[in-house]
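This report refers to the structure that appears directly beneath it.
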Amino acid sequence: MNKQVEITKLSSRGQVVIPKEIRQQLGWETGDHVAVEVQGDMVILRRLQLESYGEGRYQQARMSLIK
């Protein structure tokens, strides 16, 4: 995997913009769900895959990490 470093800022609301080039490289799109994990002084983001199952108004969603 290529190591790519970009600089971004943390907003007053705790939001971080992931640069467009990195989103495109990872195939991340608007509305994707992301898991946030802390390891020491690092934050790791992983895209989640939403899978629906069940029927009707009782339909539930299950999330799994995309590797």
Worksheet item: Which is farthest toward the positive dipole end of region 1-40 among Q24, T8, Q39, measuring Cα position about the Cα centre, with Cβ charges +1 (Lys, Arg) and -1 (Asp, Glu)?
Response: T8
Discussion item. Run the numbers for L45 and E29: contour at 0.36 nm per residue of separation, minus the present Cα-Cα distance, in nm.
Written reply: 4.4 nm
Discussion item. Assuming 0.36 nm per residue, please report the length gained on full extension of the stretch V16 to E37 beyond their Cα-Cα distance.
Written reply: 6.1 nm
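Rule-based calculations on the coordinates, nothing more; no lab input. Please read these numbers as outputs of a predicted model, since none were measured by experiment. Using ideal geometry, Cβ is built from the backbone for each residue, glycine included, and neighbour counts are taken over all protein chains shown.
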